[in-house]
1. Give me the number: length gained by fully extending Thr63 to Thr82, i.e. 0.36 nm times residue separation minus the C-alpha to C-alpha distance, one decimal in nm.
2. For Lys58, go through the lysines and keep the ones whose alpha-carbon is under 22 Å away, minus same-chain ones fewer than eight residues off.
Amino acid sequence: MKSISTLALATALSLPLAFTLPAAAQTTAPAAAVSMSGMNHAGGMSHSAEMAEGEIRKVSKDTGKLTIKHGPIKSMDMPPMTMVFTAKDPAMLDKVAVGDKVRFAVADEGGKMLVTDIQLAK
Ligand SMILES: [Cu+2]
């Protein structure tokens, strides 16, 4: 029951994207490509939801920060590196431990790198 409604929601969310992309490609006008990359920067909703891979190096509960050795993050134009992120929700710090392999979503909030979602990877 629960998984079916989740699937329906995911389908509803992904359908508009699936239709938008081929439609934009069909116009083949350079302007379409420019406006699309512009939208990615301005809105960035679907892009920042993209999950990056990483490994937890440090959990700082007092400051609410996570040090993550991460792989490339295309949406942030970042090569693999180890860096400090701020956890959007302090509860995230209880879900992970040093050495854990994780998948996480990052958002750039006024220059501050925010982990908006994190989950353990196998
Ligand atoms: Cu980085």
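Laboratory data are not the source of any read-out in this text; all were calculated from the coordinates shown. Treat the numbers as computed from the prediction; the structure is a model and nothing was measured.
1. Details: separation 19, 0.36 × 19 = 6.84 nm, distance 1.76 nm.
Full extension from Thr63 to Thr82 adds 5.1 nm.
2. Of all the lysines, those that pass the test against Lys58 - Cα under 22 Å, at least 8 places apart if same chain - are Lys69, Lys88, Lys95, Lys101, Lys112, Lys122.
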